[in-house]
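Structure first, commentary second.
The values are calculated or read from the model by the stated rules, or taken from the named source; none is laboratory data. Worth saying up front: this structure is predicted, and the values here are computed from it rather than measured. Positions of Cβ are generated from backbone atoms using ideal geometry, with glycine treated the same way; all protein chains shown enter the neighbour counts. Each accessible area value is taken on the protein alone, full model and side chains, heavy atoms only, with ligands, DNA and RNA left out. Shrake-Rupley method; radii C 1.70, N 1.55, O 1.52, S 1.80 Å.
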Amino acid sequence: MISASIISPILRVTTPILLCALGGVYSERSGTGNITYEGSMLMGTFTGVVGSYFSGSALVGVLCAILGGVFVNIFYGMLRLKMGGDNVVCGFAVNSFCVGATTYLLRTVFKTSGTLSDPRIQGLYKVRVPVLKDIPVIKYFFVNQTLLVYLTFILVILTSIILKRTKFGMNIRACGENPMAAAAVGVDVNKTRWMCIIITGVLCGLGGAQMALGNLTQFSEDMVGGRGFIALAAVILSRATPWGVCCTAILFGFAEAYANLLQLTNISSYLILMIPYAAVILILVLQPERLKELRMKWKVHQNKAV
């Protein structure tokens with residue numbers, strides 16, 4: 001039986017995925033095809049921990065995480081927009097670079113491998129909202145959550161308003177849907193896409209900060225563990241819409257949180273750790289367009305059999 005207490009861990013594990021996916025909405029809608037969420041979030045976790053470690057401030061750590069995410073996306077932008085590289089090739093190259101770079105820097109700067117855990121790493125402050133923290137069920141939304149958790153869901157609303165109600169949002173959509181027409185009416189397509197890439201870097205960096213300084217206070221090699229690709233799946237499944245991304249990320253967050261609870265049982269840990277990724281595959285397969293395609297193929301198969 002699932003208890004209401006699972007709400008709190010769902011919010012914590014959903015936040016990094018949702019932040020990355022929201023960043024992906026900007027890149028996807030502008031037509032850049034950015035798939036560096038995994039590498040951007042990983043670099044954000046590392047630079048966030050480094051900033052917190054040397055400054056003793058979680059806020060400095062968050063700012064460093066943002067810079068790490070932006071750096072990765074500027075690197076991708078140079079390859080993609082300046083040099084005209086293929087988005088898939090450039091994206092996987094950048095993701096691989098980030099895995100190698102963070103591993104190398106961890107061993108070079110801190111003289112350690114595997115995991116960096118130190119009292120000097122200051123985590124994000126956990127908020128307990130007065131009054132609300134004492135209401136049954138509701139309290140799980142407002143206990144032991146960082147400000148980034150609440151900011152993330154505010155950003156969902158803000159992103160929806162930007163894309164639908166502002167000139168900048170219309171320019172983003174125009175650049176993604178018909179860049180030649182956008183350029184013809186005076187929209188600087190390249191500049192708009194650069195701005196979206198930087199926004200993606202900021203949000204992926206925040207996702208890394210939440211993971212390394214909010215959910216944990218440490219850095220481990222490749223600690224993102226595929227969550228950036230889960231965010232990419234959320235963007236694809238929701239067709240890069242803010243509310244669609246939010247709902248999809250919560251589904252994936254539920255799968256991960258439930259998998260964490262199951263680790264307390266006698267079920268094989270390998271099967272449990274597979275749950276979030278199996279959920280991604282299942283949801284992608286069961287999307288309406290895919291089901292329609294499968295039905296058509298099945299009808300063709302039946303007609304041939306007859």
Filter region 242-269 for residues that are more than 14 Å from the chain's Cα centre (by Cα) and among the polar types (S, T, N, Q); the one that is surrounded by the fewest Cβ atoms within 10 Å (Cβ to Cβ) is 266
Subset of region 127-138, residues open to solvent by 70 Å² or more (accessible area, probe 1.4 Å) and not aliphatic (A, V, I, L, M), comes to 128, 130, 134, 136
Selection from region 102-124 of residues buried (at least 17 other Cβ atoms within 10 Å of the Cβ) and over 20 Å from the mean Cα position of the chain (by Cα) yields 106, 116, 121, 122
Checked region 54-93 for anything buried (at least 23 other Cβ atoms within 10 Å of the Cβ) and of a type in the set (Phe, Trp, Tyr); matches are 76
query: For residue 106, are the conditions met, namely being at pLDDT 95 or above, of a type in the set (A, V, I, L, M) and either in contact with a Lys or Arg (Cβ under 9 Å, 6 or more places away or on another chain) or part of a helix (DSSP H, G or I) (or both)?
result: no
Those residues of region 156-188 that are touching a residue at least 60 places away in the same chain (Cβ under 8 Å) and open to solvent by less than 30 Å² (accessible area, probe 1.4 Å) come to a total of 6
Output for Cβ contacts, cut-off 9 Å, separation at least six or different chains, first residue under 15 Å from residue 65 (Cβ atoms) in region 27-41, second modelled with pLDDT under 95 and acidic (Asp, Glu), reads none
How many residues of region 53-84 are free of Cβ contacts under 8 Å to residues at least 60 places away in the same chain and assigned to a loop (DSSP other than H, G, I, E, B)? The answer is 2
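Among the residues in region 124-140, are any within 30 Å of residue 34 (Cα to Cα), outside any loop (DSSP other than H, G, I, E, B) and not aromatic (Phe, Trp, Tyr)? Spell out how you get there, then give the answer.
Here is the first cut: in region 124-140, the ones within 30 Å of residue 34 (Cα to Cα) are 124.
Filter again for outside any loop (DSSP other than H, G, I, E, B), leaving none.
No, region 124-140 contains no residue that is within 30 Å of residue 34 (Cα to Cα), outside any loop (DSSP other than H, G, I, E, B) and not aromatic (Phe, Trp, Tyr).
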The condition from (1) open to solvent by 40 Å² or more (accessible area, probe 1.4 Å); (2) at pLDDT below 90 that residue 96 misses is numbered (2)
